[in-house]
Structure formats: structure tokens, C-alpha cells
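The values are calculated or read from the model by the stated rules, or taken from the named source; none is laboratory data. What you see is a predicted model, and the numbers here were worked out from it, not measured in a lab. No Cβ is skipped: glycine too gets one built from the backbone with ideal geometry, and neighbour counts run over all protein chains shown.
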Amino acid sequence: MRRGARSGLVVLAAIVGLAASSCGNGVIDKSTDGVPPAEATGTLRVLIPSFPASTKGREAFDKVVQDFHRTYPKMKVEPDFATYNNLNEKMSTSIAAGIPYDVMVTGVGWIQPFASKRIFTDLAPYGVTPDVIREKSVAAMIPPATYDGKLYAYPLIADARAVALRISAFKEAGLDPDKPPTSLAEIKVAAEKLTKRDASGTITRSGFDLASATGFRQSFTTFLSSTGTMLYVNGEPNFNNQQGLETLLWIKSMINNVQAYGQQNAAQQPLVLTGEAAMGIVGGAVDCSDKGIGQKNCDDLKYFRFDSGKEIEYVGGDLASIGSRSRHKDAAWAFIQSLTQPTTLDAIAKLNKKLPAYKDAGNSPQAKSNPLSKFVADGLVHAVNENSPPANWLEMRGNFDIQLTQAVLGQKDPAKVLANLAGQSR
């Protein structure tokens, strides 16, 4: 759900070429598939952005390795603690060196591009089916983990979003915070009442923070989903329609009306949490301690979900895949099983301020740690995302942000922008 991929097409093209030309170069390990786990030797290479570069992050990862070694005691584990900014480059470099990763963790929207280039392995031989994920994890993660009818990833953590309002701001504007607006039309009316300006007309408090300082792709996807319209269906664009146009025009009507374009604070945290906005999109956790926003701020917040015909909660997340060129696929699956132990997912969720992607996330330690995490955990049944994007999605993400911004700022016709994006989604 995120993640600076404007160079995705170039990197993917490089991966395809390298995959065709570097088969086996540099790979020393013999395959351990079929070898009894207790006797298997070699090095399992893991590309994993889910553990931050901190002492606590490394300690949590070491516990995963310890659990894996209960099954594969003689195998070494070589982690690469990447970030989502350099994940593509890490993958292409590993293939160029002829030493592919065995386990790769990526995000929602990444599975289709890499599965289509045969970089990931179908998880069916390991019993991973839609029914398994539906029973043990978050059902909304099934389409993002699927390509050509097959599952290529297993969910680890969920990156959920909600909407927050300031109770004091609502009361000041004569609005009822216990009856928040949920549809796009209602939100616009309320946001205009909540917006404050100085004598020169400059906005001093946004009526609604669209959380779109870096682009409108996720905001557009979220608002569109609340109308019951998914961005993609079976890899085909589903936004070049009346619902898509109305959603884009709604965003256009909000920018520089209830929020200045590009507004963000120095901490780059949601404006509603600091009182710089009366309403706005927020992430999946809030720190109510004195080290965070403080209890007074937390007590002034109330959370709700978008509903313009369908109650929704935008959810991205991290998913684990097995490399198709791995010589240790069975061991890679065993490592993913260690990653998906509830205690491990709890640790990853805490480190990333997100939710463990297991079924009972509402009762997880992270959900119980703060009111916002509890709210989004209870709303996972309403989870939506890009659904099933096309194989060129990493390129399309950047295109969406650029072209939607041009439409919102009046530089291009909104209808033509949607038609153009739909045409590029192939």
C-alpha cells in the first residue's frame, strides 16, 4: 500500500532480462528440497523490510531464526533488512548476481508484477488456498496475493487506515461528533463548516486532511471504494466510470477549499492528531503517552469509517513469498511458517505500529495498546485495497499520483485522466 515505485517498470524490465541471462550464476548451494530438514545445509536468503533497523528489530528477527532452526538446525539464515524504497533494486541485484532470495516480503500491489515475471512461487503445494487465508488471516488480502488464479503470498501484517475527527472542533462548529459524516457528500459539507481561515483567507485549520501530500492514489482508491467500486477487478480497471469521475471531482472540490494542496507538518503525521485539521485520514495506531500526542489530544479524537454506500477501511500490509529460483523452497516455507507464528506477528505489528494479519487481530496486544489500533482491528471485516491490480502496477502507482494530481489541480481534464490511466493499465 505504499511505497515509491515510480522506477518500478525499469527495475522490472531489468529483472526480466537478468532472470533470462543469469540462470545459476553465482549460486553455490545445492537444493535442499526433498532433503530431511534435520540434515539440510546451506544458506537461506531472506529479503525482509518488516523488521526496522534497530536493536529491538534485530532481536525480534533473531527469535524467528531460532524458531526456524528447530526444524532446520543446520541451515544458515542471511537476512537483508531492506526498506520499501530499495526493495526493487535489491531484487534485481540479487538476480544479476545469480543469488536469488529464498524468502521475499513485499506489500499489497507488489505480488502481481513479480508473479507475472515468475519471480514468486505458487504456494498451492504448501496448502495455501483462499480458504486457508480466509480462515486464518484477512480475507481482503486474498486478491492482492493472487495472480492468474494462484496465491503467491501469505499475509504478515495489516496496514489499516481510519478517519478521525476532533470532538472539540465539531462542537465548536455546531456539529454532533457522535454522528460523524461518512459519505463523501456529508464529509464535504462538514469539512467546509470546520475549515478556519485568517483575515486574508488563508486556511489556518483544514476541515479535512486527505493525507495526500505525496499524491492522490491511495486517497482516490479509498474514496472510490466507499462507493462500492473497487479500483481493479480481476486485473482490469474499474475506475473509468461515473463513480470514478465523481470521486475525482470530489477530491478536486476539496483541495484549496478545505485543505491547502500539499499541506503536511514537520513530523509528517496526520494533521488531525495535532489539531491542524478537524477531520482526516489516519494510520492504524496512536500514541497517547506523553512521548506521543498526549492523553488530552487522544481524548479529543473520535474514529469512524467512510461509507458512501459501502462501509470500508483501507488496508495494505506486508506479505511473504517464496522465490521461484530458490534452491530451498521447502525451507523457505518453513521460515514463513515461523514468521506467521502469532507471537512473531505480534512483535512485527508492534515494531511497525500496524496490526498482525491473523484472524483475531481485535484481541491482539497491538489492538489493545491504543484506541485507534482497536478501532481499525475491529474494522478489518470492512477491509479494501486496490483489489487485484494489473501486472504493471508498480509503474501505474507513479502514474496515478502524477496524473490524478494534474486533474485535481486543474491542469488536465479529470475524465481524460481516468481514461488515460485505464488505457495504461494493461
query = When you look at Asp401, is it out of contact with any Lys or Arg (no Cβ under 8 Å at 6 or more places or on another chain), on the phi < 0 side of the Ramachandran plot, surrounded by fewer than 24 Cβ atoms within 10 Å (Cβ to Cβ) and charged (D, E, K, R), yes or no?
reply = no
task = Taking Pro389 as meeting all but one of (1) surrounded by fewer than 21 Cβ atoms within 10 Å (Cβ to Cβ); (2) outside any helix (DSSP H, G or I), write down the number of the exception.
result = (1)
ask   = Among the listed residues Pro155, Pro180, which satisfies the condition of being under 30 Å from Leu301 (Cβ atoms), within 21 Å of the chain's Cα centre (by Cα) and either among the basic types (Lys, Arg) or not in a helix (DSSP H, G or I) (or both)?
value = Pro155
request  = Mind checking which strands (runs of 3 or more DSSP E) fall wholly inside region 201-312 and carry at least 1 residues that are among the charged types (D, E, K, R)?
outcome  = 203-205, 301-304
inquiry  = If I filter region 31-47 for residues that are at pLDDT 95 or above, of a type outside the set (Lys, Arg), under 24 Å from the mean Cα position of the chain (by Cα) and buried (at least 16 other Cβ atoms within 10 Å of the Cβ), do I get at least one hit?
reply    = yes
query = Of all residues in region 57-105 being among the aromatic types (Phe, Trp, Tyr) and without any contact (Cβ under 8 Å) to a residue 60 or more places away in the chain, which is surrounded by the fewest Cβ atoms within 10 Å (Cβ to Cβ)?
reply = Phe81
task = Run Gly292 past the list (1) at pLDDT below 95; (2) in the same structural domain as Tyr126 (by TED's automatic domain parsing) and report the number of the one that doesn't hold.
result = (2)
key: Some residue of region 334-357 being touching a Pro at 6+ places or on another chain (Cβ under 9 Å), of a type outside the set (D, E, K, R), outside the structural domain of Leu44 (by TED's automatic domain parsing) and in a helix (DSSP H, G or I)   = no
